[in-house]
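This report concerns only the one structure given below.
The values are calculated or read from the model by the stated rules, or taken from the named source; none is laboratory data. This one's a predicted model, so the numbers in the text were calculated from it and none came from an experiment. Glycine gets a Cβ as well: all are built from the backbone with ideal geometry, and neighbour counts include every protein chain shown.
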Amino acid sequence: MSGQSVKGQFLRLVYASVKRENFKFHEVPAILFTVGKKTVPSAVRRNRVKRMMREAYRLEKHAVAMDLNRLHHDGLNERICIAFLYMGRRKTLPGLLAFREEIRGLIASMVFS
């Protein structure tokens, strides 16, 4: 297993392919959302960022699934694992639309890289 990453304005996407026989559910990619304590010290704000990331991914999930099918059209024995890391260092949090655009752009650059 070797991972690759793509960096956006305030998110970093890390992804890797893993053998499918190690997983119970094969159809969906494994997704992780993380916000570092040093990046966002307040637990309330960290949870808000994670909720917005999850919601943005939920809204973009269909486009992501189509892009992932293009990425792994012949990798039937592999499963993709994706981690979204919040790297924003601004005082103000981005809005949901910004998260959606960032996730859409990162997935597109992951597929075409």
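A few comments on the model shown:
- Looking across the range 33-58 at every residue that is aliphatic (A, V, I, L, M) and crowded, with 16+ Cβ neighbours inside 10 Å, the one that is modelled with the lowest pLDDT is identified as 40.
- For the range 83-102, the condition holds for no residue, the condition being that it is in a helix (DSSP H, G or I), more than 17 Å from residue 13 (Cα to Cα), over 12 Å from the mean Cα position of the chain (by Cα) and modelled with pLDDT under 80.
- In the range 78-113, the residues that are more than 18 Å from residue 30 (Cα to Cα) and among the charged types (D, E, K, R): 89, 90, 91, 100, 101, 102
- The numbered conditions (1) under 17 Å from residue 4 (Cα atoms); (2) at pLDDT 75 or above; (3) of a type outside the set (Phe, Trp, Tyr); (4) not in a helix (DSSP H, G or I) are all true for residue 75 except (2).
- Of all the criteria given as (1) modelled with pLDDT under 95; (2) under 14 Å from residue 15 (Cα atoms); (3) surrounded by fewer than 16 Cβ atoms within 10 Å (Cβ to Cβ), the one not satisfied by residue 66 is (2).
- Evaluated against (1) within 15 Å of the chain's Cα centre (by Cα); (2) at pLDDT below 70, residue 30 falls short on exactly one condition, (2).
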